[in-house]
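Report on the structure given below.
The values are calculated or read from the model by the stated rules, or taken from the named source; none is laboratory data. Since we're looking at a predicted model, the values are computed, not measured. Please note: Cβ atoms are built from the backbone with ideal geometry, for glycine as well, and neighbour counts cover all protein chains shown. Keep in mind that these areas ignore ligands, DNA and RNA; they rest on the heavy atoms of the full protein, side chains included. Shrake-Rupley method; radii C 1.70, N 1.55, O 1.52, S 1.80 Å.
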Amino acid sequence: IRARQAEHADIARRHREAAAARKAAAEKTSTLAGEQAALTARIEALDKARADALAAAAMPLPDLSVGDDGLLYRGLPFSQACDGERIRVSVAIAMALSPGLRDIIIRNGALLDEVGLATIAGQADAAGYRLWVERVGTGDPGAIVFVDGAALDAAA
């Protein structure tokens, strides 16, 4: 009988311990749920502040925006734009970011066709900027031609 009583007492003790553990787990779950709700509200507030800031930002081009994955041009990731478009967008961004600096260097000007080059030149001229465009060839009027690192006389 005493062995059965000891066994029952042990079972009752384990039940009390399990009930206390369940109660502690429920309290911790409630606390964590409250923390989760507070953090979720904070994230939502930050997302709204970000969206409001982006909506209020003046973009240099109407087709330029910012998405979750970065810069978008015409709704697609900027990295998917063709080289000519990326150069045109980059020129617009450069003019918007540095209004006091009136010179823009385009290193890969050979990637622009004549129409693209004329578009960028018109864009820069209208805004009062000067373009320095690296291109292959010698036929452009007003070009400064470099051969082996030395400038040639434009008339030659």
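For this structure, a couple of remarks:
- Options Gly122, Gly128, Gly137: the member that is more than 18 Å from Ala94 (Cα to Cα), free of Cβ contacts under 8 Å to residues at least 40 places away in the same chain and exposed (fewer than 14 other Cβ atoms within 10 Å of the Cβ): Gly137
- Pick from the stretch 66-81, criterion at pLDDT below 90 and surrounded by 11 or more Cβ atoms within 10 Å (Cβ to Cβ), ranking: farthest from Ala110 (Cα to Cα): Gly67
- Any hit, the stretch 53-61, residues being in contact with a helix residue (DSSP H, G or I) (Cβ under 7 Å, 6 or more places away or on another chain), under 30 Å from Ile93 (Cβ atoms) and of a type outside the set (Lys, Arg): yes
- Qualifying residue in the stretch 49-59 (condition: assigned to a loop (DSSP other than H, G, I, E, B), open to solvent by 60 Å² or more (accessible area, probe 1.4 Å), small (Gly, Ala, Ser) and within 26 Å of Arg130 (Cα to Cα)): yes
- Pair list, Cβ < 6 Å and 6+ apart or interchain, from the stretch 40-55 residues that are closer than 15 Å to Gly67 by Cα to residues that are part of a helix (DSSP H, G or I) and open to solvent by 60 Å² or more (accessible area, probe 1.4 Å): none
- Of all residue pairs spaced 6 or more apart or on separate chains, those with beta-carbon atoms under 8 Å, a first member in the stretch 93-119 that is open to solvent by 80 Å² or more (accessible area, probe 1.4 Å) and a second member that is modelled with pLDDT of 85 or more and in a helix (DSSP H, G or I) are Asn108/Asp83; Asn108/Ile87; Leu111/Asp83; Leu111/Gly84; Leu111/Ile87; Asp113/Gly84.
Per-residue answers, yes or no, for (1) of a type in the set (D, E, K, R); (2) touching a Phe, Trp or Tyr at 6+ places or on another chain (Cβ under 9 Å); (3) part of a loop (DSSP other than H, G, I, E, B):
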{"site": "Leu72", "(1), (2), (3)": "no, yes, no"}
{"site": "Gly100", "(1), (2), (3)": "no, no, yes"}
{"site": "Ile105", "(1), (2), (3)": "no, yes, no"}
{"site": "Ala118", "(1), (2), (3)": "no, no, no"}
{"site": "Ala126", "(1), (2), (3)": "no, no, no"}
{"site": "Arg135", "(1), (2), (3)": "yes, no, yes"}
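- Looking across Arg86, Arg42, one residue alone is among the charged types (D, E, K, R), part of a helix (DSSP H, G or I) and surrounded by 12 or more Cβ atoms within 10 Å (Cβ to Cβ). It is Arg86.
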